[in-house]
Amino acid sequence: MAVDFRIASKNILSVIQMIEDYRLDIRTVTMGISLIGCTRATMEDTCRAVYDRVTTRAARLVEVCEGIERELGIPIVNKRISVSPVSLVAAGVEGNPVEIAKALDRAAAELGVNFVGGYSALVEKGATESDNRLIRSIPEALTVTDAVCGSVNVATSRAGINMDAVRVMGEVVKEAAELTRERSSIACAKLVVFANAVGDNPFMAGAFHGIEEPDTVVSVGVSGPGVVDNAIGSLEGASLNEVAEEIKKAAFKITRAGQLVGNLAAERLGVPFGIVDLSLAPTAEVGDSVAHILERMGLEQVGTHGTTAALALLNDAVKKGGMMACSRVGGLSGSFIPVSEDQGMIDAVRAGSISMDKLEAMTSICSVGFDMIAIPGDTSAELISGMIADEAAIGVMNHKTTAARLIPVPGTKPGDEVNFGGLLGYAPVIPVNEKGNDSFIHRGGFIPAPVHGFRN
């Protein structure tokens, strides 16, 4: 069979250009590890079992990923681990579950991975004693560890919204912020409150290994806003359906790269390949912004009228292109808009183009919710609970995952800037609505599931 080397070389050069010029990378290779069966009679023995299982199963994760990086020339930015929700592991064991967080942190340091996710509880229909212990321990656990991330699922489309849990999580966020106030409240950057959380999400801080997953699995989270931005850069004057087509083509290429890395990693580690998460994950680096893609479509600055429509186009086109490239799609899959991790979003907040209200509207479309948003330090726990409830409501009513990662840094006011370092970036403190909601939050109980949530 004849091979058209002109086409082949063009494709190769296109991939090289994506990597070198447009910041294509694999944001994360995440190994999911089940901790079910690690519970022992004492907390000390349980911690030892957790440490041993994680370090044994992930012993070659970093080595294999670095080998793939060298072989393919595609940067793998983070190597991560997700584990079964720790509230399940700690159930029936006397003692502080923070000790398990410390064991996971030691394992992360030993292995050289960037993050471990799974200090988590799933309480959308109610909380066990173990869930409650874990939730109340989250501020301490995320303060005394470096790599450990936590999450709590408070709502699903099937169960509705657990408002008692929402109220508690507002208090937990405030406590976590206070405990790490000298470090820009970094504990809050490692904590996500979910609606409709998924067990195959490779992205932090919300990753955990779902109970429906195999013992060990490898999943991949792609990146690539720069690639998409470049793809539509030459389309000045083109119609929006032409823009959508170009985004689909770019997403296809990005996802193919993710699938290749995932398959190679799984094969070399001897574990199943899980999913590719199609999410466009930005950084604060120039040329790696989701907001700039939206502006490339014709918006003067993200946040102006038309922003939500442009984001809808982007999100849908990314999913369509990615799903054609890979049959194992999962996680969150869409576009991320973390304020501190996206230079275009940072600029928009500084300019006053983006408000909390506009962010809320955008979260009805994209993969996540209020993500990496620095808010004034005096914001009450009840107002934070209200923001969590709003995001949960959007997720529940639309059958999608939503979340809140809010950072009320003590002593800050609107206009101040907070630096989180590394991939987490930096963010201007954004104003919030200061009108009270205490009576609403303290009612507690449940917001029932919508009628379309019951599907049998």
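Taking the condition of being in a helix (DSSP H, G or I) and either in contact with a strand residue (DSSP E or B) (Cβ under 9 Å, 6 or more places away or on another chain) or of a type in the set (Lys, Arg) (or both), how many residues in segment 298-336 meet it?
Step one: filter segment 298-336 for residues in a helix (DSSP H, G or I), giving 307-325.
Okay, now just the ones that are also either in contact with a strand residue (DSSP E or B) (Cβ under 9 Å, 6 or more places away or on another chain) or of a type in the set (Lys, Arg) (or both), so 311, 314-315, 318-320, 322-323, 325.
Residues meeting the conditions: 9.
Among the residues of segment 82-92, write down those that are closer than 15 Å to Ala141 by Cβ and not in a strand (DSSP E or B).
Pro85, Val86, Ser87, Val89, Ala90
Which members of segment 192-216 meet the condition of being surrounded by 24 or more Cβ atoms within 10 Å (Cβ to Cβ) and either in a strand (DSSP E or B) or over 16 Å from the mean Cα position of the chain (by Cα) (or both)?
Across segment 192-216, the qualifying residues are Val192, Val193, Phe194, Ala195.
Condition first: of a type in the set (S, T, N, Q), crowded, with 24+ Cβ neighbours inside 10 Å and modelled with pLDDT of 95 or more. Now tell me which residues in segment 140-191 satisfy that.
Once the filter is applied, which keeps residues that are of a type in the set (S, T, N, Q), crowded, with 24+ Cβ neighbours inside 10 Å and modelled with pLDDT of 95 or more, segment 140-191 yields Ser151, Asn153, Asn162.
Within segment 343-370, take every residue that is modelled with pLDDT under 90 and either over 21 Å from the mean Cα position of the chain (by Cα) or under 19 Å from Ala205 (Cα atoms) (or both) and give me the one that is surrounded by the most Cβ atoms within 10 Å (Cβ to Cβ).
Among those residues, the one meeting the criterion is Gly369.
Tally time: how many residues in segment 446-456 are surrounded by 11 or more Cβ atoms within 10 Å (Cβ to Cβ) and in a loop (DSSP other than H, G, I, E, B)?
The qualifying residues number 3.
Which pairs turn up if I take residues in segment 74-101 that are under 14 Å from Asn201 (Cα atoms) and look for partners that are assigned to a loop (DSSP other than H, G, I, E, B) and small (Gly, Ala, Ser) with beta carbon separation below 6 Å, at least 6 apart in sequence or on another chain?
As it stands, the answer is Ile81/Ala58; Ser82/Ala207; Ser84/Ser34, since those pairs meet every condition given.
Taking Ile275 as the residue in question, decide whether it is under 20 Å from the mean Cα position of the chain (by Cα), farther than 24 Å from Lys358 by Cβ and not in a helix (DSSP H, G or I).
yes
For residues that are in contact (Cβ under 8 Å) with a residue 40 or more places away in the chain, touching a Cys at 6+ places or on another chain (Cβ under 7 Å) and part of a helix (DSSP H, G or I), scanning just segment 22-73, find the one that is farthest from Leu104 (Cα to Cα).
Thr46
Do the conditions hold for Ser82, that is, is it crowded, with 24+ Cβ neighbours inside 10 Å and touching a helix residue (DSSP H, G or I) at 6+ places or on another chain (Cβ under 7 Å)?
For Ser82, the condition - crowded, with 24+ Cβ neighbours inside 10 Å and touching a helix residue (DSSP H, G or I) at 6+ places or on another chain (Cβ under 7 Å) - is not met.
Determine if segment 309-332 includes at least one residue that is under 22 Å from Leu235 (Cβ atoms), modelled with pLDDT of 90 or more and among the polar types (S, T, N, Q).
Yes, the conditions are met somewhere in segment 309-332.
The values are calculated or read from the model by the stated rules, or taken from the named source; none is laboratory data. The model shown is predicted, which means the values in this text are computed figures rather than measured ones. Methodologically, a virtual Cβ is constructed for each residue, glycine included, from the backbone with ideal geometry; neighbour enumeration extends over all protein chains shown.
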